[in-house]
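Trainee: Below is the structure I would like to discuss, written out as C-alpha cells.
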Amino acid sequence: MANLIFRFPRKRALLVASAATALCLSAGLSAQESASTANTIDHVTWDGYLGGVDSSQFSGLEQITKDNVGELELAWEFDVGALRGNHYGFRYSPTIVDGVMYVIAPNAPDALIALNGATGEEIWRTQFEGRIGNRGITYWESDDRSDRRLFVLNDGMLRAINAEDGSIIEGFGPEGGIDLRDQLTREDRYDKRPLQHDNPGRVYGDSIIISLPASDYAYDSAPADIHSYNVLTGELNWVFHVIPERGEFGFETWPDVEDRWRFGGAHNWSSFTVDPELGMIYVPTGAPRFDWYGGNREGDNLFATSLIAINANTGERVWHFQAVHHDLWDYDLPTSPKLLTINRNGVEIPVVIQATKMGWLLVFDRRTGEPIWPIPEVEVPLPTTPGEKASPTQPIPSWPPHYARRSFTEDDINPFLSEEDQANVREILRTARNDGPFTPVSTQGTILMPSENGGSNFGMVSVDPVRNRLFIVVRNYPSLVRHIPNDTPEARAAMPNSEIPNVMPYEAPFNFMIQSKGMVPVSPPWSTITAYDMNSGNMLYQIPNGDEMQVVEQFGVSGTGTQATRGGPTSTATDLLFVPTAGDRKLRARDASTGQVLWEYDLPAAGEGTPAIYEADGREFVVIPVGWEGQFHQGMDTPPVPETVRYMAFALPE
C-alpha cells in the first residue's frame, strides 16, 4: 500500500435556441462524431457519481435476482474513521473501475482511497490538505487506457489524480490544480472563500465540466458559473454564466444596476447529467441569492431554479425551462436529471426528467425542450413583505401525478407528539401565513409544504431504462420561514441594489419545527417511495419508506416512513430496487414492480448514500456508505451509533 502525502500551494418559460441536431454541427461535429468523443453509457459499470454520466442509478448486472436476493450477506466493510467536525452526514457514492473502488475518508484533512472491490483491502491512499467533495468523484480514461485520471475538488482547487497510484498529476493546471475563482469576472473574486462544494462534475469526451458553488444564504454571493476544462492540461474550454452578463440571453431578467456583478446564486450544487449521443448536458440550478427575499432583484432571475440544456462542446444554451420564477423559497432543482426514451402513441421520444422539491416531475423532449405533458402557468399567492415583487404565476405540471404532500393544517399534526408539543404546533399554524404552494415568506412567518428540504433531494431518483420506470424517494415535512428586518449599515452594504424604496435586507431563519425527542411536526408518512410508468406518466405505487425506531419502540407503530431520509434508490435489470434508510438503519431490496420487501439488513448507523452496484472477481456487489445518526435524528431515543463511518459491501455467498 502506498501512503502519499501532498502539500499544495494556494494561488419564464421554455425557450429554444436551436434544434438538437444543429447542436453538434455548431461545433463542427456530427451527432455520431460527438458521441464517439464522449463517455459511453453501458449500465454494467459504475464509473461515476450515481452510476455514470447519465445519472441513472441503474445497474444492468444480472447476478442478483428476485430469486436469490434473500441470500445476500455482508462481504466486507472498510472503516474510514470519524467524520470531520461540522459534517453534514456521510453519503459518498463510490466510483468503481476494473474492480477497483475509489472512496473518500472525510476526516479533515480528507483522504482519497483505492480499495480492492472484491475484498475491501486498501491499495493506496492520498492524504490531502483540507477537504474534498464528499458526494462523489469523476473518472476519465484515454482511448487506449494508458492515461486514467480521477478528478476531485480540494479546498476550491480542481485536481487530477493518477488512478493507478493516487499521485497528483502536476501538468493539470498551473500548480497541480485549478483555482475555480480564476475565471470569475467579478471584482472581488479572491476575497471570496475558496469555491468548494460537493458536486463532482462530469466528464464529456476530453473535458471535465464542473459547476461553481454560490455563497451560503447571503445577498452578496459568487455567481455559480459552469466551466469546462481540458482533462489533460486544465486549459479552459468555455464558461456558461448562470447569471447572464450584458449581451447574453436572460440579461434583462435581473436589474441593470451598477453593482449587478454582486448578484449570485443559481448554483448547480447537486450534479448534472450528460447525453453523449446528443452532445448535451442538462444542468439543474438553485435559487438566486438571497434565497428568501428578492426585493432587490426584480425580475424572473434567469437561470436560477432552471433546467438548462447546454451544448457540451461549446457551452452554448440550447434550451431552458425555469421551474420557479423569481424564486423566494429556496426551491433549488436538487436532483440529477434522468434520461429515458419513452413510447408515446407508438412514437419513441428521448426525454429528460427533472424531479423537484415542490413535489412534481417535469418531463421534456430532451432534444428540443418541448414538454411531454402541459405545464400551465398558475396564479399563486402574492407577497406581503414590503418591496417584494414576486411573480404572479408559477409553472405547475398537469401530469404526472404529484408525489409529495402539499399542505400542512391542524388535521396533519403528528399524533406521536406530546399534548404540549401538539399545542405548540397548533399555535404556529394559527398565527403563520399558510396559503398553499408558493406562499411567499412573510414577516408573520410562512408555512412551506413541501419545505425547502422536502419533496425530492440529491440522489433520490432512479430510472430503469429497460422498463421505462422511475423511482423516487420523497420527504414529507414542512418548515416555518419568517422575514426579520436587518437594516444595519453592514447588512445594507452586503446587499446588491439595496438603495430602493421599501427594500431592506431581511434575514429569514428557517425552522423545521422539530419538537421534543427530535420529532417532526407533521403526521406520517414522513417518507415514501413512488414508482412511475414514464410511458404513460401513471403512478404505479406509493409506499412508506421504512420506519422510525423511536415510534416502533414507544407506540408499536410501523409503516410511517423514515423521518428525514437521504438514502437514494438504485434499480436493476433484474427488477430489484435497493434503498437504504436512516430512521430504522436498514438496507432493503424490494421487488421494483410492487415495492414488496424481499431482503433487509440491519445497519449499525444511518444509510444515507446511494447504493453502488458493480462486479469484481466474477461477483456482483452492492456497496453503501454507513455512518452517524442521520439528518434530524439527533435527540431521538435511538441506540448510539459507532464513532466511525464505513463502507459496507454485500454479495451472494461464494
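Trainee: Could you list the residues of segment 468-511 with an amide nitrogen less than 18 Å from a label point located 7 Å from the Cα of Asp533 in the Cα-to-C-beta direction?
Mentor: Counting backbone N atoms under 18 Å from the label point, the list is 468-472.
Trainee: Keeping every protein chain present and rolling a 1.4 Å probe, give me the accessible area per residue for segment 411-469 in Å².
Mentor: About 36 Å² of surface per residue is accessible.
Trainee: Report, please, the projected area of segment 102-203 averaged over directions, based on the convex hull of its C-alpha atoms, in nm².
Mentor: Its average projected convex-hull area is 7.4 nm².
Trainee: For Arg467 and Phe555, compute 0.36 nm times the residue count separating them, minus their Cα-Cα distance, and round to one decimal in nm.
Mentor: 27.7 nm
Trainee: When the expected Rg is taken as 2.2 N^0.38 Å, what fraction or multiple of it is the alpha-carbon Rg of segment 492-608?
Mentor: Against the empirical 2.2 N^0.38 Å value, I get 1.49 for segment 492-608.
Trainee: Each residue of segment 131-138 in order: what ³J(HN,Hα) in whole Hz does its phi give by Karplus 6.51 cos²θ - 1.76 cosθ + 1.60, θ = phi - 60°, with x for Gly and Pro?
Mentor: 9, 10, x, 10, 10, x, 10, 10
Trainee: Determine the gain in length on full extension of the stretch Asp637-Val44; use 0.36 nm per residue of separation and subtract their C-alpha separation, reporting nm with one decimal.
Mentor: Result for the pair: 209.4 nm of gain on full extension.
Trainee: I've got another one for you. What Kirkwood hydrodynamic radius, in Å, does segment 407-459 give when the mean of 1/r is taken over all pairs of distinct Cα atoms and then inverted?
Mentor: Result for segment 407-459, one decimal place: 12.2 Å.
Trainee: Now for a different question. Over all directions, average the projected area of the Cα convex hull of segment 53-101 and note it in nm².
Mentor: Convex hull of Cα atoms, orientation-averaged projection: 5.8 nm².
Trainee: Considering the convex hull of the alpha carbon atoms of the chain, report its projected area averaged over all viewing directions, in nm², one decimal.
Mentor: Result: 27.2 nm².
Trainee: Can you tell me the FRET efficiency between Arg344 and Glu175 if r is taken as the Cβ-Cβ distance and R0 is 51 Å, rounded to the nearest 0.05?
Mentor: After rounding to 0.05, the efficiency reads 0.50.
Trainee: Using the beta-carbon distance between Glu419 and Glu499 and R0 = 45 Å, what value does 1/(1 + (r/R0)^6) give for FRET efficiency, to the nearest 0.05?
Mentor: After rounding, the FRET efficiency stands at 0.35.
Trainee: Now for a separate question. Taking all protein chains as present, what is the carbon and sulfur share of the accessible area of segment 133-238, in % to the nearest whole number, probe 1.4 Å?
Mentor: It is 41 percent, rounded to a whole number.
Trainee: Figure the gain on full extension for Glu654 and Glu129 (residue separation times 0.36 nm, minus the Cα-Cα span) and round it to one decimal in nm.
Mentor: Answer, rounded to one decimal: 185.0 nm.
Trainee: Now for a separate question. Rounded, prolate or oblate: which one fits segment 358-456, using the alpha carbon gyration tensor with axes a ≥ b ≥ c (rounded when a/c is under 1.5, else prolate when a/b beats b/c, else oblate)?
Mentor: The shape class here is oblate.
Trainee: Let me ask another. Of the listed peptides 49-58, 165-174, what is their order by residue-averaged count of other C-beta atoms within 10 Å, with the highest listed first?
Mentor: 49-58, 165-174
Trainee: R0 = 41 Å: FRET efficiency of Glu62 with Ser167, Cβ-based, nearest 0.05?
Mentor: 0.65
Trainee: For labels at Asp487 and Asp602 in the simple 7 Å Cα→Cβ model, what's the distance in nm?
Mentor: 6.0
Trainee: Provide the net charge surrounding Ser536, with neighbours chosen by a C-beta distance below 13 Å and charges set as Lys +1, Arg +1, Asp -1, Glu -1.
Mentor: Cβ neighbours under 13 Å give a net charge of +2.
Trainee: Continuing with the same structure: Between segment 323-392 and segment 490-510, how far is it from one alpha carbon centroid to the other, in angstrom?
Mentor: When both Cα centres are located, 29 Å separates them.
Trainee: Return the calculated 222 nm mean residue ellipticity for the chain, to the nearest 500 deg cm²/dmol, obtained by summing -39500 (n - 2.57) across DSSP H runs with n ≥ 4 and dividing by the residue count.
Mentor: -1500 deg cm²/dmol, from helical runs alone.
Trainee: Tell me which residues come under 5 Å, amide H to amide H, from Gly583 once H is placed; ignore anything under 5 positions away on its chain.
Mentor: Correct list: Gln563, Ala564.
The values are calculated or read from the model by the stated rules, or taken from the named source; none is laboratory data. Given the structure is predicted, the values throughout are model-derived calculations rather than measurements. Cβ sites come from the backbone with ideal geometry, for glycine too, and all protein chains shown count toward neighbours. In case anyone asks, the SASA skips ligands and DNA or RNA and just uses the protein heavy atoms, side chains included. Shrake-Rupley method; radii C 1.70, N 1.55, O 1.52, S 1.80 Å.
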